[in-house]
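To start, the structure itself, in structure tokens.
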Amino acid sequence: MLDSGLTRPAAVALSIAGSDPSGGAGLQADLKTFHQFGVYGMAVPTLLTVQSTSGIESSTCLSPALVRAQLDCIQRDIPPVAAKTGALGDPAIVSVVADWVRESDVPVIVDPVMTSTHGDSLATDQTIDAIVEELLPRCFLITPNLPEAAKLSGIAIADQSDMRRAAERIGKRGARRVLVKGGHLDSDPIDLLWADGFVLTFPAERIQSRHTHGTGCVLSAAITAMMARDYTLFDAVVHAKRYVTEAIRTAPGLGRGRGPLNLHAPTNSKAE
Ligand code: PXL
């Protein structure tokens with residue numbers, strides 16, 4: 001029989017996140033990143049923002065039932081190998097996502113998005129409480145930045161030893177693995193991974209740029225893609241971090257505000 005010439009995608013990843021019509025963050029950034037890492041991407045929107053590189057003008061949640069229907073529909077057809085969450089909008093959406101995670105048993109990377117790059121709120125305190133109570137105990141990995149880690153742990157964070165204490169506290173609250181991102185440190189942006197009681201640090205150079213819109217989304221999407229391709233978590237974090245650093249360094253300078261990253265094809269990693 002003649003071969004169709006089509007190759008089956010090697011791996012499938014799902015983003016459950018908010019929409020950013022400017023394409024730099026949210027599920028648009030996740031899909032572009034999945035694609036660049038050689039992974040077939042699917043996307044379930046939770047909320048729609050009206051935003052540009054200058055900030056978020058409004059944000060509207062989808063109904064929890066509609067989010068759940070999308071998850072069930074794709075799960076029956078193309079079950080993802082790995083998934084990630086971004087902005088979840090409201091506590092009822094967190095609940096349906098947590099139920100799906102429990103039922104599907106898909107490893108989920110939770111990016112506990114609380115604010116946009118501009119500081120616009122993307123989660124109320126009730127939504128954050130729901131993430132802690134329902135999603136945190138079920139995630140494969142959670143990837144808070146410093147303000148998010150401070151909120152999730154109740155610990156003020158100024159340096160690496162605070163990052164470690166915060167990660168441990170988040171672990172005590174149920175997360176099995178925690179990647180605290182150091183982008184908001186005064187020093188170089190060192191990330192700290194707390195996994196099964198072990199601690200690893202991932203150094204990187206700081207690149208001065210205002211074009212950092214969507215860095216958290218891209219990092220967690222790259223980790224998710226690498227997990228879908230069966231890399232170890234250590235390799236996934238190393239390559240994802242290298243990818244984000246290069247993406248900031250070569251950002252295209254689009255928009256009047258804080259522009260998107262350069263979501264290039266990874267060149268110097270195993271992820272090709
Ligand atoms: O980068 C965090 C983020 C996540 N999700 C959506 C966003 C943003 C930042 O702007 O718009 C939809």
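The values are calculated or read from the model by the stated rules, or taken from the named source; none is laboratory data. These numbers come from a predicted model, not from an experiment. With ideal geometry, Cβ positions are generated from the backbone for all residues, glycine too; neighbour counts draw on all protein chains shown. Remember, those area values only see protein heavy atoms, side chains included, never the ligands or the DNA or RNA. Shrake-Rupley method; radii C 1.70, N 1.55, O 1.52, S 1.80 Å.
Among DSSP beta bridges whose residues both lie in the range 35-160, state the antiparallel percentage, nearest 5.
Antiparallel: roughly 60 percent of the beta bridges in the range 35-160.
Using the Cβ-Cβ distance between residue 230 and residue 208 with R0 set to 51 Å, the FRET efficiency works out to roughly 0.90.
For the range 244-258, the Karplus equation 6.51 cos²θ - 1.76 cosθ + 1.60, evaluated at θ = phi - 60°, returns couplings of 5, 4, 5, 5, 6, 4, 10, 3, x, x, 7, x, 8, x, 8 Hz by residue, with Gly and Pro reported as x. Of all accessible surface on the chain at a 1.4 Å probe, what whole percent is carbon and sulfur? Carbon-and-sulfur percentage of accessible area, whole number: 52.
Averaged over residues, the count of other Cβ atoms within 10 Å places the peptides 241-254, 137-150, 185-198 in the sequence 137-150, 241-254, 185-198, highest first. Ranked by the mean number of other Cβ atoms within 10 Å per residue, highest first, peptides 99-111, 31-43 order as 31-43, 99-111.
About the centre of its Cα atoms, the chain shows a dipole size close to 380 debye [charges on the beta carbon of Lys, Arg (+1) and Asp, Glu (-1) only; nearest 20 debye]. For the chain, the solvent-accessible area with a 1.4 angstrom probe is 45 square angstrom per residue.
Place the peptides 49-59, 157-167 in order of packing, highest mean first, counting for every residue the other Cβ atoms within 10 Å and averaging per peptide.
Numbers: 49-59: 16.9, 157-167: 18.7.
Listed from highest to lowest mean packing, they are 157-167, 49-59.
The alpha-carbon of residue 172 sits under 17 angstrom from the alpha-carbons of these lysines, leaving out residues fewer than 8 places away in its chain: 151. Helical content of the chain, expressed as a calculated mean residue ellipticity at 222 nm, amounts to -11000 deg cm²/dmol (DSSP H runs of 4 or more residues, -39,500 (n - 2.57) each, divided by residue number, nearest 500). Spacing of the modelled spin labels on residue 187 and residue 126, each 7 Å from Cα toward Cβ, amounts to 4.1 nm. Put the Cα centre of the range 216-241 next to the Cα centre of the range 92-171 and the gap is 17 Å.
Couplings 3J(HN,Hα) of the range 70-82, computed from phi: 5, 4, 5, 4, 6, 4, 5, 10, 10, x, x, 7, 8 Hz, in residue order, whole Hz [Karplus 6.51 cos²θ - 1.76 cosθ + 1.60, θ = phi - 60°; x for Gly and Pro].
Most simply put, the chain has about 45% antiparallel DSSP beta bridges, counting only bridges with both residues inside it.
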